[in-house]
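Remarks on the structure that follows.
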Amino acid sequence: MMSTAAVQFSPLVPAPVLLLLGIAGLALLAVGLYRRAAGSLFRFLFLCMMLLALADPRIVNEKREAQPDEALIVIDRTSSQKTGDRRKQMSDAEEALVAALDRQENLEYRIVEITDSATDDRPGTRLMEALATASADISPNRFAGAVIITDGQVHDLPKDIAEGKVPGVRGPLHVLLTGKRDEIDRRLVIKNAPGYGIVGKEVTLTYRIEDKHAKNDGTTARPSARVEFKIDGTEGTTALVPVGEDQTFTFKLEHAGPSLAELSVEAADGELSTVNNRALVSVNGVRDRLRVLLISGQPHAAERTWRNLLKSDPSVDLVHFTILRPPDKDDFTPLNELALIAFPTHELFVERLDEFDLIVFDRYLKRGVLQPQHLANIADRVRQGGALLMAVGPEFAGRASLYHTPLREILPAAPTGEVLESGYRPRVSDTGLRHPVTAALMRPGIDPKADPIWGRWFRQIPGDASAGVSLMTGLQDKPILLLDRVGKGRVAQVMSDHIWLWARGYDGGGPQGELLRRLSHWLMREPDLEEEALHARVRAGKLTVERRSLKDAVSKVTVTAPSGEVQELELKNAQPGLWRGELAAAEIGLYRLSDGEHQALVASGELNPLELSDLRATDALLTPVTDITGGSVRWLADGVPDVRRVDPGRDLAGRGWVGLVAHKAYVVTGLKDIPLLSGLLLAVLALGSLMAAWWREGR
């Protein structure tokens, strides 16, 4: 608290009137002096008294309370600042600045931290935006300045800098740069990549290796570098490619859904960091047309169920044959009622078998149409990556069963020779409750051990399971739905031909559409229906890990963050066959997960974040800003500069120091106003001057 006194005028008339009166008085004085008129000086003194009375001079005594200036310390804690020893440089500089500002009198400061997150709509280091927001509520008369600790890689510089303007900034900015002057950074840039591709087809992406030096934004003279390619985290190929030239990489989409292609390049000599030496591309695989070959035996009620299911899907290209009679049958059928062409066994099962993604046998039996070699070709096709769905009826238990062909090597269950005909309700097995194909059939909130609510079936072909897993059971707890993996392919076996009862709505019907849809998608290796899988996703800054398994327990998951930090995550059982866990995903980039058996990759934020596009510390971007505001740019490698207070208009930086403006702002808390001239005094002076004038004229 302090007091100051000053003389102030409160004119009773406008200032121009006072000015005119003063000019008129001077003119009269000049005329009087020119004519040597007696009493002119006393008349002028009288006029001065009147002008002084009209100006009303007062002594004003103010009580002032000093207002502290405010400064900002802006700290860049984005991902690029985790490179090398920059975090230590930041910590040391922050500690030194806080200590220096604490020693300053009449100064307050705030610390503003800038981070990047996967949930940010605008990527990169938004330093100028954060600075403008923080200084918006500080009066320009109290803003002492800002000290920024950053690597200089800023992604929101205003466009008005070229015109000498820095919007939102009303004081000096001093930049303290982390890192070193002569840093080298290599990065791998994706120039062009498709967002979608056809499963089974090849996609091509274009990439480029760039080596950047502190004083050269172009590529270095290094002729080549080795690049490694991985698809969905599996080991891939390598290639030696030139640096600074566009290159292409082609790979085949093996499954529907996202496929993650990872490209990584070897480190350069003396490189700052390898965190941006890899790039990710996510290509969503979609199926063009699913080619299905449906072979039916003699017509029956369930045949239309399979046909309707497959024909209802517009993405399915169905080829359906019903074999009614063997070629050697002689029953005197008229020629005009026979087929005009022979069944194309050689074309379908030798020449074009590889064109079919799924082969379905619906109550088919050996009738001499398909030879053992044809069935052996089907078994080989499954082992190489095809799929087989077999829906059996009573014929499967007889001598003409397809089990007595080369297909027996890939079937998960062998017939017992019995045919059970009695009413029962299919039940999801304990394994089926964990398998994604059948787990979704159970309604939430219903006890899985309770009797199913869907309709009954009346026939079952008992079988002894020798491979695969049983997802649904029927009479005598025998399996009626089995799944198995054979080589690269898959096999499903339905041990009843009464699923059509559900389709007709008998006894309340059942989930035949959902069951057959999920079954066919599992056969086509849909990633979401894998029973042994590790999945991860990042939403709202959280990493959610899900592990599907048919086992009773699962291992901990090792999570490797983009920075290389490793931590273990213990998953909790969320529902039968599904374990789940969550972690905070504070870093931007690729997270790698592994439980020892399965691996998963998930990107937090952008696949190739802008923040990591260039890791070199630079003074080129912020120097124009500091020049406009009167600040300076210093490298922390040279030491932390001292902080001084300077008066407005003085130099704001010097050798080894940076300056913050001392505005010396205040607010008036009290005011005392005393007239300088009282009315009596003015009257005495005015009358005295008039009397003196008369006296002088009277002589």
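Residues in segment 546-583 that are loosely packed, with under 14 Cβ neighbours inside 10 Å and either in contact with a Cys (Cβ under 7 Å, 6 or more places away or on another chain) or of a type in the set (A, V, I, L, M, F, W, C) (or both): Ala553, Val566, Ala574. Specify the residue that is farthest from Lys488 (Cα to Cα); the eligible residues are those in segment 221-263 that are acidic (Asp, Glu) and assigned to a loop (DSSP other than H, G, I, E, B). Looking at residues that are acidic (Asp, Glu) and assigned to a loop (DSSP other than H, G, I, E, B), I get Glu245. Scanning segment 586-608 for residues that are at pLDDT 85 or above, part of a loop (DSSP other than H, G, I, E, B) and surrounded by 15 or more Cβ atoms within 10 Å (Cβ to Cβ) gives Asp595, His598.
Table: residues versus (1) in contact with a Ser or Thr (Cβ under 8 Å, 6 or more places away or on another chain); (2) buried (at least 20 other Cβ atoms within 10 Å of the Cβ); (3) within 24 Å of Lys488 (Cα to Cα); (4) modelled with pLDDT of 85 or more.
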{"position": "Asp317", "(1), (2), (3), (4)": "no, no, yes, no"}
{"position": "His320", "(1), (2), (3), (4)": "yes, no, no, no"}
{"position": "Ile323", "(1), (2), (3), (4)": "yes, no, no, no"}
{"position": "Phe343", "(1), (2), (3), (4)": "no, no, no, no"}
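Going residue by residue through segment 175-187, is there one that turns out to be exposed (fewer than 13 other Cβ atoms within 10 Å of the Cβ), out of contact with any Lys or Arg (no Cβ under 7 Å at 6 or more places or on another chain) and modelled with pLDDT of 90 or more?
The answer is no, given that none of the residues of segment 175-187 is exposed (fewer than 13 other Cβ atoms within 10 Å of the Cβ), out of contact with any Lys or Arg (no Cβ under 7 Å at 6 or more places or on another chain) and modelled with pLDDT of 90 or more.
Output the residue which, of all residues in segment 630-680 that are loosely packed, with under 13 Cβ neighbours inside 10 Å, in a helix (DSSP H, G or I) and not small (Gly, Ala, Ser), is modelled with the highest pLDDT. Once the filter is applied, the top-ranked residue is Asp638. Restricting attention to segment 248-263 and to residues that are surrounded by fewer than 17 Cβ atoms within 10 Å (Cβ to Cβ) and at negative phi, the residue that is modelled with the lowest pLDDT turns out to be His255.
Scanning segment 513-538 for residues that are in contact with a Leu (Cβ under 8 Å, 6 or more places away or on another chain) and within 24 Å of Thr305 (Cα to Cα) gives Gly513, Glu514, Leu515, Leu516, Arg517, Arg518, Leu519, Ser520, His521, Trp522, Leu523, Met524. Against the condition under 13 Å from Val437 (Cα atoms), of a type in the set (Gly, Ala, Ser), touching a residue at least 60 places away in the same chain (Cβ under 8 Å) and not assigned by TED's automatic domain parsing to the domain that holds Lys488, how does Ser563 come out, does it pass? No; evaluated as a whole, the condition is false for this residue. The set of residues from segment 514-534 being in contact with an Asp or Glu (Cβ under 7 Å, 6 or more places away or on another chain) and within 14 Å of Arg548 (Cα to Cα) comprises just one member, Leu534.
Look at segment 519-560 and say how many of its residues are free of Cβ contacts under 8 Å to residues at least 60 places away in the same chain and assigned to a strand (DSSP E or B). Even if it seems obvious, please write down each step before you answer.
Of all residues in segment 519-560, those free of Cβ contacts under 8 Å to residues at least 60 places away in the same chain come to 521, 539, 542, 544-547, 551-560.
Imposing the further condition that a residue be assigned to a strand (DSSP E or B) reduces the set to 539, 542, 544-547, 557-560.
Total satisfying the criteria: 10.
Since Lys329 meets every condition but one in (1) more than 30 Å from Leu610 (Cβ to Cβ); (2) modelled with pLDDT of 85 or more, which condition does it not meet? Of everything listed in (1) more than 30 Å from Leu610 (Cβ to Cβ); (2) modelled with pLDDT of 85 or more, Lys329 misses just condition (2).
Does Val292 satisfy the criteria of being buried (at least 18 other Cβ atoms within 10 Å of the Cβ), among the β-branched types (Val, Ile, Thr), part of a loop (DSSP other than H, G, I, E, B) and touching a residue at least 24 places away in the same chain (Cβ under 8 Å)? Can you show your working first?
Working: buried (at least 18 other Cβ atoms within 10 Å of the Cβ): yes; among the β-branched types (Val, Ile, Thr): yes; part of a loop (DSSP other than H, G, I, E, B): no; touching a residue at least 24 places away in the same chain (Cβ under 8 Å): yes.
Against the criterion (buried (at least 18 other Cβ atoms within 10 Å of the Cβ), among the β-branched types (Val, Ile, Thr), part of a loop (DSSP other than H, G, I, E, B) and touching a residue at least 24 places away in the same chain (Cβ under 8 Å)), Val292 does not qualify.
Results for (1) part of a helix (DSSP H, G or I); (2) buried (at least 21 other Cβ atoms within 10 Å of the Cβ), shown as yes or no for each residue.
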{"residue": "Met442", "(1), (2)": "no, no"}
{"residue": "Ile453", "(1), (2)": "no, no"}
{"residue": "Met472", "(1), (2)": "no, yes"}
{"residue": "Gln476", "(1), (2)": "yes, no"}
{"residue": "Ala492", "(1), (2)": "no, yes"}
{"residue": "Trp502", "(1), (2)": "yes, yes"}
{"residue": "Gly510", "(1), (2)": "no, yes"}
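Being in contact with an Asp or Glu (Cβ under 6 Å, 6 or more places away or on another chain) and either among the acidic types (Asp, Glu) or within 16 Å of Gln247 (Cβ to Cβ) (or both) is the filter; apply it to segment 205-221 and report the residue that is modelled with the lowest pLDDT. Only one residue fits best here, namely Thr219. Of all residues being modelled with pLDDT of 90 or more, closer than 22 Å to Glu262 by Cα and hydrophobic (A, V, I, L, M, F, W, C) in segment 539-565, which is nearest to the chain's Cα centre (by Cα)? Just the residue, please. Checking each candidate, the answer is Leu543. Can you confirm whether segment 111-133 contains a residue that is more than 30 Å from Ser273 (Cα to Cα), out of contact with any Phe, Trp or Tyr (no Cβ under 6 Å at 6 or more places or on another chain) and not in a helix (DSSP H, G or I)? Among the residues of segment 111-133, not one is more than 30 Å from Ser273 (Cα to Cα), out of contact with any Phe, Trp or Tyr (no Cβ under 6 Å at 6 or more places or on another chain) and not in a helix (DSSP H, G or I), which makes the answer no.
I'm checking my understanding of the structure. Among residues of segment 390-445 that are basic (Lys, Arg) and out of contact with any strand residue (DSSP E or B) (no Cβ under 6 Å at 6 or more places or on another chain), which one is farthest from Leu529 (Cα to Cα)? Full working, then the answer.
Filtering segment 390-445 down to residues basic (Lys, Arg) leaves 399, 408, 425, 427, 434, 443.
Restricting the remaining residues to those that are out of contact with any strand residue (DSSP E or B) (no Cβ under 6 Å at 6 or more places or on another chain) gives 399, 408, 425, 434, 443.
On the way: Arg399: 36, Arg408: 26, Arg425: 24, Arg434: 11, Arg443: 18 Å.
My answer is Arg399.
For Asn106, the test of being on the phi > 0 side of the Ramachandran plot, polar (S, T, N, Q) and surrounded by 13 or more Cβ atoms within 10 Å (Cβ to Cβ) is passed. Of the numbered criteria (1) under 25 Å from His663 (Cα atoms); (2) of a type outside the set (D, E, K, R); (3) surrounded by 18 or more Cβ atoms within 10 Å (Cβ to Cβ), the one Thr133 fails is (3).
Mind checking which residues of segment 534-545 are within 18 Å of Gly605 (Cα to Cα) and buried (at least 17 other Cβ atoms within 10 Å of the Cβ)? Before you say what the answer is, go through the steps one by one.
Residues of segment 534-545 that are within 18 Å of Gly605 (Cα to Cα), as a first pass: 535-545.
His535, Ala536, Val538, Leu543, Val545, listed by residue number.
The values are calculated or read from the model by the stated rules, or taken from the named source; none is laboratory data. Predicted, not measured: the structure shown is a model, and the values here were computed from it. We place every Cβ from the backbone using ideal geometry, glycine too, and count neighbours over all the protein chains shown.
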